Structure formats: C-alpha cells, structure tokens
Amino acid sequence: MLSDLCGIIGIVVANKNTQYSPGTMVYRGLLRLEYRGYDSAGVASICDNKLVVLKGKGRIIDLERKLGFSKICGSTVIGHTRWATHGAPSDINAHPHTDCSNRFAVVHNGIIQNYLDLKKSLISKGHVFRSDTDTEVVAHLVEDYYNVLNSVYDSFKQAVKLLEGSYALLLISIHEPDKIFFAKKDSPLIIGLGNGFNVLASDIPALLEYTKRIITVRDGWIGYISGNSVYIEDFDGNIIDWSKYVRIINWSIGDAVKAGYPHYMLKEIHEQPRALKDTFYGVSKDENIARVVDLILDAEKVFITGAGTSFHASYYFALASNILAGVMVYPFIASEFESYAPVVSDRDLLIVVSQSGETMDALKALRAFKERGAKIVAVSNVVDSAIPRESDIAIYTRAGPEIGVAATKTFTTQTLALAWVAVALARSSGRIGEGEVREYFDILGNASKLASETISITEYAAKRLSEWLHRVNSAYYLSRWIGVPVAMEGALKLKEIAYIHAESYPAGESKHGPIALVEEDFPVIFVVPNNEEVEKLLLGNIKEMKARGAVIIGVAPEESSLIDEMDYVFTVPRTHWLLTPITHTPPQQLLAYYTAVRKGYDPDKPRNLAKTVTVE
Ligand code: AGP
C-alpha cells in the first residue's frame, strides 16, 4: 500500500497527574485528526513490557466502542488515522504496524518509495510480513538492526537511512518504554511541549488542547521524546538546539484545522503542490494504468463522464487523448447519460471521474452503461467509495480530503492523473516512443513545482483584481483547444462561490452570438494555452472583444504575444500544453476565492451547494 495520507499522534507522560490518561489524550487527539479524512485507525502502547496494539477499519468513535482506544494502558501511546489512497482499507492494513517479535510498533504518514526492495531483502532474512503497507518495513528494519546493535535509537537511525520517500514516523519499543522515536522528511510533524508530558503529532489541531508550546520538526530531523525531555539531531548527527524553535500557538482549534488559513478553500488551493506530488507518484507507479490503456484500445467506443468540475476534468482528458494519442474519447455531462446510453454495447468503455466517488448523476451513468455491458473505469479521490466499488478498475488521485465545497486540488490532481493516462495511451497507440514517455514523465513530474510557482506569483494579483471584479454581474471565460475545459472550471468557481454569472465557451463561438452581450467594462477572461497557433487565433478574439469595450483579463504563459493586449494578466510558467490545467487553474481559483471573500461570502460553504451531490 502506498502513499496513505494519514494523521499520527504520540504521547509520553512522565507523571500521572495529567488531566487525562495517555490513552485518552491520544484518543482525543485522533478525533481532532478526523478532519483529515480516514477510513481506519489504531493505537499502540507498552504495558508490563508488552506491546499492545488496537486497530481496525472504521470510524474512531466505533473503534473506541469496540476496542477501547482511550482505555489502553501505558504511559507511552502512539495513534494513527489512515486515509487509504491505494488499496482498500482493512483491519490488517491499519496502523500501527509491528515487527515479527512484537517489540517495535510504528505509525507513519507519507510514502516509502523503496519499500518493495526493502521488504524483499527483509523477507529473504526470514522476516514475516502481515500487511501489504509500505510502513511495515520500518518495524522489521528496526528489529533487524536491533538484533545486531542492541540500541533502539541506533537501530532506528540506521533504518531511517535506508528509506527513500516521504515520512513522518513515530516508533515505540518495549526496550525503551518511556520514549517515542521520530524522524521527519517531507510529511508534517509537530512536537508539543507539556508539563510532565510531551506530544508528537502530524499537525497542530491534534495537540492544541494539551499545549500551545510547539516545535515544528524540520526535514532531516530525527530524535526522541520522553515525558520530560526532547532529543533532536539532524540526519548527519549534529545535535539540534531545539529551544530556538519553540513557538507559542494562539490559534483556536478551528483555525488550527485550517492550518492558519482563513478558509479550507484557500488552504486546499495551497495544498495543490503536495497533492500533485503525491498523485503523480501514485499514478506513475500504478499498474492499473496499463490495464486502463488496454481497455481503451480494446474498446469500440470510449466515453468519459463526470459532473461539475469532474466533467471539466473528463473533457480535458477527451481532448488530451484526441490530441496526444489520436484516440477518440466522447465526453458527456453525467446527468445527460440517457442521450448516450442507447448507442452503448458490451464492446464499449466508460470512464467515470468523481472525486467523492458518490455523485448520484455519475453513479447512474455508470449503472446505465454497465447494464449495457460496457466496462467501467473509475477515477476517484476516495478509495472504496461507491463509484470505484462498482467499476472494473479504479485509478486514484491522492489529493487528500477536500473540505471546501468548491473543488480545487481535486481538479488539478484529476487532470494530472488523466494526463499520465493520455501519455500511456499515446505510447500504446504508437504515437510516442519510450524516449518521449520519459520526457513526459519529467514534464508531468514537474507539476507540483509549477503549481507552487503559479500560486506564489499570481495570488497577490488575484487579490488585487478581486477589488474590481467583485462589482461585476457577469463575465465570460474563453479559450480554445486544451484551454476550454480549464476556462470552464474557472467560470464554475466564480459562479459557485462569488455568485457572479460566468459563462464559458470556445472563443471562436463569440461571433456566432455571445459577443452581442459584450459592452463597456464587460470582463472577459482568456485562458491562453501554450500553443502558437492558438495564441494567434485568440489574438483575434481578444481584439473583437476589446473593440466592444470589454475588459480583457488573461491567464497566459510568460512572454506570450497576447500579454500587451490585456488589461490584467496572470502570467504563468510556460510549459507543455498537457499541464495547462496545472498552471492556468490556480489563478482562476484564487480570483474566485478573493472575489467571494471581498463580497463577504464564505467560500467554504456556498449557498445552495453541498460538497457531494448524492441525489439526482
Ligand atoms: C465543483 O467545485 C463542485 N463542488 C461540483 O461541481 C463537483 O465537482 C461535482 O458535484 C462533482 O463532484 P464529484 O467530483 O465528487 O463527483
């Protein structure tokens, strides 16, 4: 199992006069981590020199009733919530994970990229694995080293040295029952300094009710906490004077869950670089991609569908497949499935895109096509949700839970996952060779960095432009070619959170009617993909709009010849057209967000909308 997006917490109590027992403190901390989304949870502790592990699939409150998390004995307790992003949730795959001899227990958030090699070598040494998670290798590695080094910390350090990937790790051992060992690289980890106890957790909400004195653990730090001490060194063995890093957090719990952002939506816009990194790692290693490509090439007709933002991602894939792979894919809006079902046979394929995996319109389209014998592929962000469950194959994004009603990181991660499918399809359809596949791997692998760059260079401009845009009543979002679904997504954002009418259509259509609407100061947003031919055509569309007094707002690659024609420009990194959603969507998300806030609305809870539409 790879790249679970998890919550971890660990507490060591030196004296028993804390308000709650260590078990209760961890249980309450896990409840605070629920917002991160999860499907299984577990705790581990050391009692009378024995490791006790309680874990399972399901909600924390139910696991408490069934297993008694809060009543677990011992003064050193670790806990975990698992958001499975690859492979079904199950009791055995829940964390904590232990070694063969039940002397070490570990919880982990992140991705151990080389776990298969490590696992093979440990199995060859006789280690017996119980789960198919990447995390379990850590417990066996530490056990293996301990049998030689006879020191938990030295064994832990040696084990961590072998890990490649991202991790926030907590480990306990019967050999040092009053310590929690930790190591951090890429995944978040916080230390909370208490009176008579210390805490480790993935993020602040989990520990805020116990202490406001925290240390943000840096990448490459490793060490351990006891009930009244903290020891940290870096991966080179240099001891860290952690007292320099202590901060006092004056957030409310509510603020903490938003990590200090005013709204989940803004937090999730800023989470896109991480979500894209996790998603690309996951899909580029996912053996299901080849099976999906075979299904597409074997099919007589290939359809793709979704609702709302997921339809925009579907439309993007249809264009990318046509353009890059030369394979025709028919996109349609999920609620319109009756218009397509009559031509469907058992030789056809339907791809259903749905971040929640629960959208009724998409589920009904799936069932209608399945009834006619079509094969079904799901693209979802939630493992084991209804749509993946009813599909033949599922591909997962790894955006983590999206709490804001407006889709943001789930759209860009959907398009990145689908871009990789389009590349694999182009290779199998003979359009590109292995060399080009490697180039595309590097191009798409850059998505996280490009998103980060785009967000940082356009956020202030978006906030400034919202000062003007919040007054308009209507806007056009226009583009051509691969930019059209990206413009449609931008328009949807402005509609659903700023309640401003925004219409999106291919720019070439303007003269066939829509331009009649344009008058002085009418805002027209142009999404300009990186394609010279398209830029030339869009120049004409911009001029016709300017001639009628429109205000031209552009999202354009740096050095685009169109920039001089625009009144406001979000200049984004120039990159391969396949990454247009990655570079051109964040400015539109930010523009809609700041416009909604400027109008005094709550972007997280737009009126009349639900995060998942489970009714038809
Ligand atoms: C997009 O911002 C909206 N939240 C909505 O259109 C959403 O994309 C649509 O309801 C589909 O949801 P799904 O991806 O969970 O199927």
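The values are calculated or read from the model by the stated rules, or taken from the named source; none is laboratory data. Predicted model only: the values in this text are computed from it and were never measured. So basically every Cβ, Gly included, is an ideal-geometry build from the backbone, and we count neighbours across all protein chains shown. Keep in mind that these areas ignore ligands, DNA and RNA; they rest on the heavy atoms of the full protein, side chains included. Shrake-Rupley method; radii C 1.70, N 1.55, O 1.52, S 1.80 Å.
Using a cutoff of 8 angstrom between alpha carbon atoms and counting only pairs six or more residues apart, the relative contact order for the stretch 371-499 works out to 14 percent. When only Cα pairs below 8 angstrom with a gap of at least 6 residues are kept, the chain shows a relative contact order of 11 percent. Converting phi to 3J(HN,Hα) with the Karplus coefficients 6.51, -1.76 and 1.60 and the offset θ = phi - 60°, the stretch 19-33 yields 4, 10, 5, x, x, 5, 4, 5, 4, 5, x, 4, 4, 6, 8 Hz in sequence order, with x at every glycine or proline. The HN-Hα couplings worked out from phi for the stretch 319-329 by the Karplus form 6.51 cos²θ - 1.76 cosθ + 1.60 (θ = phi - 60°) are 5, 5, 5, 4, 6, 8, 9, x, 10, 6, 10 Hz, whole numbers, x standing for Gly and Pro.
With only Cα atoms counted, the stretch 1-145 has Rg and Dmax values of 14.8, 47 Å. Normalised by the number of residues in the stretch 1-118, the mean separation of alpha-carbon contacts (under 8 Å, six or more apart) gives a relative contact order of 37 percent. Put a dot 7 Å past the Cα of K71, heading toward its Cβ, do the same for R372, and the two dots end up 5.6 nm apart.
Of all DSSP bridge pairs formed entirely within the chain, close to 65 percent run antiparallel.
In the chain, helical runs assigned H by DSSP with n ≥ 4 each contribute -39500 (n - 2.57); averaged across all residues and rounded to the nearest 500, the mean residue ellipticity at 222 nm is -11500 deg cm²/dmol. For V572, the residues 5 or more places off, or on other chains, whose built amide H falls under 5 Å of its own are A556, E558. Whole-Hz Karplus values for the stretch 209-221 come out as 6, 9, 7, 10, 9, 10, 10, 7, 5, 8, 4, x, 9 Hz, taken residue by residue from phi with 6.51 cos²θ - 1.76 cosθ + 1.60 and θ = phi - 60°; glycine and proline positions read x.
Using the Cβ of N147 as centre and a radius below 14 Å, the other residues enclosed give a net charge of -2, where K and R count +1 and D and E count -1.
When each of the peptides 216-229, 577-590 is scored by how many other beta carbons lie within 10 Å of its residues on average, the order from highest to lowest is 577-590, 216-229.
Start at zero, step by 10 Å, and the Cα-Cα distances of the stretch 353-474 spread as 11, 29, 30, 22, 8, 0 percent across the bins.
Among the listed pairs K120/K409; K258/K364; K57/K267; K119/K184, those with a Cα-Cα distance over 30 Å are K120/K409; K258/K364. Near L579, once Lys and Arg are set to +1 and Asp and Glu to -1 for all other residues with Cβ below 12 Å from its Cβ, the sum equals 0.
Separation of the stretch 47-69 from the stretch 554-616 is 44 Å, based on Cα centroids. Accessible surface comparison of S391, S121, S339, probe 1.4 Å, protein chains only, largest first: the order is S339, S121, S391. How many angstrom separate the Cα center of the stretch 165-184 from the Cα center of the stretch 454-532? When both Cα centres are located, 50 Å separates them. In a reduced charge model with +1 at each Lys and Arg Cβ and -1 at each Asp and Glu Cβ, the chain shows a dipole moment near 1460 debye about its Cα centre. Along its three principal directions, the equivalent ellipsoid of the stretch 451-577 from the Cα gyration tensor extends over semi-axes of 20, 18, 13 Å, largest first. May I ask for log10 I(q)/I(0) of the stretch 126-216 at q = 0.19, 0.23 Å⁻¹, from a Debye sum over the Cα atoms as equal point scatterers with solvent left out? Evaluating at q = 0.19, 0.23 Å⁻¹ gives log10 I(q)/I(0) of -0.96, -1.19.
Taking a straight Cα-Cα cut-off under 18 Å and skipping sequence neighbours fewer than 8 places away in the same chain, the lysines within cross-link reach of K546 are K511, K536. With 0.36 nm allotted per residue and the present C-alpha distance subtracted, the K605-V148 stretch has 158.9 nm of extension available. Taking amide H as placed 1.01 Å from N in the peptide plane, the amide H of I395 sits under 5 Å from that of A378, V379, S380, each at least 5 places away or on another chain. Estimated translational diffusion coefficient (Stokes-Einstein, Kirkwood radius over Cα pairs, 4 °C, 1.567 mPa s) of the chain: 51 µm² per second.
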